[in-house]
């Protein structure tokens with residue numbers, strides 16, 4: 001007796017078609033989502049670079065109004081202690097530097113927080129532009145001393161995303177208008193590096209799971225924008241890529257190499273070693 005294979009029913013055919021369409025739709029959605037995410041990430045990176053360029057412009061504009069051509073240097077501006085009562089050199093912290101540019105309306109609290117920020121850093125919505133209550137003499141203050149850069153206390157966020165040159169008060173050091181295309185002034189902050197290979201420029205990192213890795217779409221390695229003294233911005237795909245821009249290593253605090261060390265500083269002083277950088 002000859003057996004015949006049952007014909008495929010219309011219902012079965014429809015089920016196969018529906019499953020195929022669902023699989024196809026899922027694949028197209030995943031592809032579209034990846035494309036949208038990539039486009040959003042690229043847009044944020046471009047916006048981040050624009051903000052860094054704006055910061056250099058603000059510093060340059062401030063320097064042009066000073067006889068010594070210096071970027072914002074709190075120790076040289078608050079000589080009468082109207083804003084903060086402390087030894088002058090202890091005022092040159094990241095928070096005070098950026099707070100001055102915000103006070104001068106060269107920057108806004110929004111510009112100094114990266115659109116790619118992933119750490120304990122938020123926009124200061126309460127920046128006081130007039131008689132800040134935290135100042136020693138509010139009527140004559142020249143910035144809001146409540147503005148913060150320290151993000152290491154998880155209960156209180158910092159208000160600045162970006163690393164910058166150490167603002168040493170010595171007029172013979174950097175932190176002034178040079179307009180050099182090779183001098184990094186402000187940059188996407190980086191993880192802490194303890195050493196760098198002189199041949200490969202590969203950095204030895206203290207924190208292998210730094211928040212800074214994910215800022216520009218690479219969860220396991222650093223990349224970021226670099227803003228230079230001539231106000232151009234470049235995107236670096238690795239820490240090694242930053243070394244070629246400077247005569248010393250910009251993210252390792254080695255006094256023997258020079259003063260182009262960049263970070264966020266919560267303490268300052270007369271010498272390199274008086275500055276306290278922070279990382280996450």
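Computed from the coordinates by the stated procedures, all read-outs in this text should not be read as laboratory data. This structure is a prediction, so every number in the text was calculated from the model and none was measured. A quick note on method: Cβ atoms are made from the backbone with ideal geometry, for glycine too, and the neighbour counts reach across all protein chains shown.
Calculate, for residue 178 and residue 155, the FRET efficiency according to 1/(1 + (r/R0)^6) with r their C-beta to C-beta distance and R0 35 Å; round to the nearest 0.05.
Step by step, r from the Cβ atoms, then E = 0.35.
What shape does segment 41-84 take by its C-alpha gyration tensor, where a ≥ b ≥ c are the square roots of the eigenvalues and a/c under 1.5 counts as rounded, a/b above b/c as prolate, and the rest as oblate?
Because a/c hits 1.5 or more and a/b fails to exceed b/c, segment 41-84 counts as oblate.
Arranged by the count of other C-beta atoms within 10 angstrom, fewest first, what order do 154, 52, 79 take?
So the residues, fewest neighbours to most, are 154, 79, 52.
When only alpha-carbon atoms count, how far does segment 53-191 stretch along each of its three principal axes, as whole angstroms with the largest first?
Here the spans come out as 38, 37, 24 Å, largest first.
Would you order 162, 129 from fewest to most other beta-carbon atoms within 10 Å of each residue's own beta-carbon?
Fewest-to-most ranking of 162, 129: 129, 162.
Let a ≥ b ≥ c be the square roots of the eigenvalues of the Cα gyration tensor of segment 129-210; is it rounded (a/c under 1.5), or, if not, prolate (a/b larger than b/c) or oblate?
Oblate shape, in that a/c is at least 1.5 and b/c is the bigger or equal ratio.
Would you please classify the overall shape of segment 184-232 from the alpha carbon gyration tensor, given that a ≥ b ≥ c denote the square roots of the eigenvalues, rounded means a/c under 1.5, and beyond that prolate means a/b larger than b/c while oblate covers the rest?
oblate
Taking 0.36 nm per intervening residue step and subtracting the Cα-Cα distance, what contour gain separates residue 90 from residue 41 on full extension?
13.9 nm
So how far apart, in nm, are the two label points at residue 230 and residue 125 if each is 7 Å from Cα heading toward Cβ?
Label at residue 230, label at residue 125, 4.2 nm between them.
For residue 195 and residue 118, what is the calculated FRET efficiency with R₀ set at 30 Å and r taken between the beta-carbons, to the nearest 0.05?
That pair, residue 195 with residue 118, gives E of 0.75.
At what distance in angstrom do the alpha carbon centres of segment 130-206 and segment 46-62 lie from each other?
First find each Cα centre; the distance between them is then 14 Å.
Under a plain spin-label model, where a point goes 7 Å from the Cα along Cα-to-Cβ, how far apart in nm are residue 237 and residue 139?
Taking the two extended label points, one gets 5.9 nm.
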